[in-house]
Amino acid sequence: MLESRDFVINPEIAYSPEQLHLFLLSELGANLLNNSQYRIEKISLDARNKNIKALVKIGFYDKNYDFASELGSVLPTLKNTSKRVIIIGSGPAGLFAAIKLIELGLKPIIIERGKNVRDRRRDIAAINRFNLVDTNSNYCFGEGGAGTYSDGKLYTRSKKRGDINYVLKKFVSHGADANILYEAHPHIGTNKLPMIISSMRNAIIEAGGEFHFHHRVTDLLIHNNSIVGCQTNFQDDFLGEATLLATGHSARDIFTLLQSKNIFIEPKPFALGVRIEHLQSFIDKSQYKFKDRPSFLPPASFSLVAKTIYKGKERGVFSFCMCPGGFIVPSATSQNQVVVNGMSPSRRDSKFANSGIVVSILPSDISSFSQHGALAGMQFQEELENKANELSGRTQKAISQLTSDFIKSNASKEDLDTSYIPGLIPGDIREFLPEFISEPLSLGLQDFNRKIPGFSSHIGQLIGLESRTSSPVKIPRDSQSLEHIEIKNLYPCGEGAGFAGGIMSAALDGINCAIAIAHKLS
């Protein structure tokens, strides 16, 4: 880069290539533009008042600079003698670990319980249309992990975890829009991620890596406190020099397997609650202060936090995974559960907005599950999911309640229009949420209504259960080697291990684990 310049301009100019070019021409003159090329390096919106501004950083480059060269070349072809690394799970942690391992000369063997992205679509359709949940192929399990079909947000606060641009550029090289490289809150979209994930898989295979779909891990092969591989439901063994465990936070059978083999795991704080759904037009109006959102502005979002005190205990209540222009989707991994999550397509053009509104769970809340040890939180989650399923008539319909009714402790007799395809059953959220969640949730919603007037009124509805915000279990590892604290050559990784929360942080954790493995095996 020759130089960069910062500008504060009208968003209509910032988001129009033609108008932006004319603006730069008037500001900088034809001489600079004719002797260099430019691109947006970073863009964000300041919407704190009605006079919305775009903050834009423009980078200027030599006329001959090749931007495509930044995206990296094809993966190198592995040697037949390359050491094998077993990767359990093909979510972002597993995929990016595989790519980095290949770059470091190691052969990834990816074991995935679910199906590839194309075949996975049919099972997701069956959940929405027929209330049928495939325990190995659903919104949570399958190629690409939970994020593939539940949003595709790439924003992370984890700036120190690793090279964020490396991850973003890999996505772009496999088909993502280049705007994710400069947007303040990058987002790919559920409709585009499957094609990108498929391209990444093909690149891994072409370089010499392996994928094994429909293979659910049933055992970890351990000798002398060192893992040598895993066994799957087909009774076949996959052996490697190291094993990266990147199964995601919904793979409860893996947590149970670890406990049964006396591999040390520990409980981890988590949160639980509901989804709230509004019309996107309401959120736009509340955030942008316009009657109608101008077409050049993206659908508005929000982030809300409240501290509540109920029966002398302080708890956080907060919004989670806000999805502007999005949909609420069924995320159960078993037929006897009701679990909801949110997603947005790349255009974020649904008329609805939704967000998780969740409450922090304290250790004392789940003391009655103490017989389950480190799995107490997991068992608590599952009990509530089963109860929500019973209330739905053992379907994937979800219980809904007008937000104002919930605050007044009145069961709802009707629901609002919704994006949730399986359908809603108006009722009382408190029938499956215990008091230590429902009462702080009510207090939090009242606080949010003061921050965004109308937020917790009759124009919004709560839909539940939102229970898969993060893993309730942590698989501890050494802070330097990233190996499990007891089992050598086992690398707990990503969301399921308790070291990430979202696509970006999981991908970065996968990369860090791959580097640690390569260092160990060198």
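The values are calculated or read from the model by the stated rules, or taken from the named source; none is laboratory data. Remember, it's a predicted structure, so these values are computed and weren't measured experimentally. Glycine also receives a Cβ, built like all others from the backbone with ideal geometry; neighbour counts cover every protein chain displayed.
Could you tell me whether the range 288-309 includes any residue that is within 30 Å of residue 364 (Cα to Cα), buried (at least 22 other Cβ atoms within 10 Å of the Cβ) and in contact (Cβ under 8 Å) with a residue 40 or more places away in the chain? Please lay out each step first, then the result.
Narrowing the range 288-309 to residues within 30 Å of residue 364 (Cα to Cα): 303-309.
Applying the additional criterion that residues be buried (at least 22 other Cβ atoms within 10 Å of the Cβ) yields none.
No - not one qualifying residue is present in the range 288-309.
Kindly indicate whether any position in the range 35-46 is of a type in the set (Phe, Trp, Tyr) and out of contact with any strand residue (DSSP E or B) (no Cβ under 6 Å at 6 or more places or on another chain).
no
Could you say whether any residue in the range 467-480 is in contact with a Gly (Cβ under 6 Å, 6 or more places away or on another chain), more than 30 Å from residue 262 (Cβ to Cβ) and buried (at least 24 other Cβ atoms within 10 Å of the Cβ)?
no
Restricting attention to strands (runs of 3 or more DSSP E) lying wholly within the range 37-98, give those where 3 or more residues are among the small types (Gly, Ala, Ser) and under 24 Å from residue 294 (Cα atoms).
none
What single numbered condition from (1) part of a helix (DSSP H, G or I); (2) touching a Ser or Thr at 6+ places or on another chain (Cβ under 7 Å); (3) among the acidic types (Asp, Glu) fails to hold for residue 277?
Only one criterion is unmet by residue 277, namely (1).
In the range 314-339, what count of residues is obtained for those that are under 16 Å from residue 392 (Cβ atoms) and surrounded by fewer than 21 Cβ atoms within 10 Å (Cβ to Cβ)?
Final tally of qualifying residues: 3.
Would you pick out the residues in the range 215-228 that are surrounded by fewer than 21 Cβ atoms within 10 Å (Cβ to Cβ) and in contact with an Asp or Glu (Cβ under 8 Å, 6 or more places away or on another chain)?
216, 221, 225 - these are the residues of the range 215-228 that are surrounded by fewer than 21 Cβ atoms within 10 Å (Cβ to Cβ) and in contact with an Asp or Glu (Cβ under 8 Å, 6 or more places away or on another chain).
Kindly provide the set of residues from the range 470-513 that are charged (D, E, K, R) and in a strand (DSSP E or B), ordered by number. Before you say what the answer is, go through the steps one by one.
Of the range 470-513, the ones charged (D, E, K, R) are 474, 477-478, 483, 486, 488, 495, 509.
Those that are charged (D, E, K, R) and in a strand (DSSP E or B): 474, 477, 488.
Output the residues belonging to the range 353-363 that are more than 19 Å from the chain's Cα centre (by Cα) and modelled with pLDDT of 95 or more.
Result: 361, single match.
Determine which single condition residue 485 fails, assuming it passes every other condition in (1) of a type in the set (A, V, I, L, M); (2) under 18 Å from residue 342 (Cβ atoms); (3) touching a Lys or Arg at 6+ places or on another chain (Cβ under 8 Å).
Going through the list (1) of a type in the set (A, V, I, L, M); (2) under 18 Å from residue 342 (Cβ atoms); (3) touching a Lys or Arg at 6+ places or on another chain (Cβ under 8 Å), residue 485 breaks only (2).
Can you run down the residue pairs with Cβ atoms below 8 Å, 6 or more apart or on separate chains, where the first is in the range 491-506 and on the phi > 0 side of the Ramachandran plot and the partner is part of a helix (DSSP H, G or I)?
From the range 491-506, the pairs are 494/92; 494/93; 494/94; 494/506; 494/509; 494/510; 502/147; 502/495.
Only residues that are touching an Asp or Glu at 6+ places or on another chain (Cβ under 8 Å), under 20 Å from residue 68 (Cα atoms) and of a type outside the set (Ser, Thr, Tyr): list them for the range 2-42, please.
Matches in the range 2-42: 2, 37.
Restricting attention to the range 267-290, does a residue exist that is under 30 Å from residue 108 (Cβ atoms), over 20 Å from the mean Cα position of the chain (by Cα) and not aliphatic (A, V, I, L, M)? It would help to see each step written out before you state the result.
The first filter runs over the range 267-290 and keeps only residues under 30 Å from residue 108 (Cβ atoms), leaving 268, 270.
Next cut, over 20 Å from the mean Cα position of the chain (by Cα) only: none.
Looking for residues that are under 30 Å from residue 108 (Cβ atoms), over 20 Å from the mean Cα position of the chain (by Cα) and not aliphatic (A, V, I, L, M), one finds none in the range 267-290, hence no.
Just wondering, is there one or more residues in the range 242-259 that are among the charged types (D, E, K, R), over 21 Å from the mean Cα position of the chain (by Cα) and either at pLDDT below 95 or surrounded by fewer than 18 Cβ atoms within 10 Å (Cβ to Cβ) (or both)?
Of all residues in the range 242-259, those among the charged types (D, E, K, R) come to 252-253.
Right, trim to over 21 Å from the mean Cα position of the chain (by Cα) and you get none.
So far as the range 242-259 goes, no, none of its residues is among the charged types (D, E, K, R), over 21 Å from the mean Cα position of the chain (by Cα) and either at pLDDT below 95 or surrounded by fewer than 18 Cβ atoms within 10 Å (Cβ to Cβ) (or both).
Exactly one of (1) buried (at least 22 other Cβ atoms within 10 Å of the Cβ); (2) of a type outside the set (Val, Ile, Thr); (3) assigned to a helix (DSSP H, G or I) is unmet by residue 141. Its number?
Evaluating residue 141 over (1) buried (at least 22 other Cβ atoms within 10 Å of the Cβ); (2) of a type outside the set (Val, Ile, Thr); (3) assigned to a helix (DSSP H, G or I) leaves (3) as the failure.
Conditions tested, residue by residue: (1) within 26 Å of residue 498 (Cβ to Cβ); (2) of a type in the set (Phe, Trp, Tyr); (3) in contact with a strand residue (DSSP E or B) (Cβ under 7 Å, 6 or more places away or on another chain); (4) outside any loop (DSSP other than H, G, I, E, B).
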position: 348; (1), (2), (3), (4): no, no, no, no
position: 353; (1), (2), (3), (4): no, no, yes, yes
position: 373; (1), (2), (3), (4): yes, no, no, yes
position: 386; (1), (2), (3), (4): yes, no, no, yes
position: 406; (1), (2), (3), (4): no, yes, yes, yes
position: 420; (1), (2), (3), (4): no, yes, yes, no
position: 438; (1), (2), (3), (4): no, no, no, yes
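Does the range 180-195 include one or more residues that are among the acidic types (Asp, Glu) and at pLDDT 95 or above?
Checked the range 180-195: no residue is among the acidic types (Asp, Glu) and at pLDDT 95 or above.
Restricted to the range 323-344, and to residues that are touching a Leu at 6+ places or on another chain (Cβ under 9 Å) and either free of Cβ contacts under 8 Å to residues at least 24 places away in the same chain or among the aliphatic types (A, V, I, L, M) (or both), which residue is farthest from residue 270 (Cα to Cα)?
338
May I ask you to list the residues in the range 178-214 that are closer than 30 Å to residue 54 by Cα, surrounded by 16 or more Cβ atoms within 10 Å (Cβ to Cβ) and touching a Pro at 6+ places or on another chain (Cβ under 7 Å)?
Matches in the range 178-214: 180, 189, 190.
Limited to the range 361-382, what total is found for residues that are free of Cβ contacts under 8 Å to residues at least 40 places away in the same chain and surrounded by 15 or more Cβ atoms within 10 Å (Cβ to Cβ)?
Matching residues across the range 361-382 total 4.
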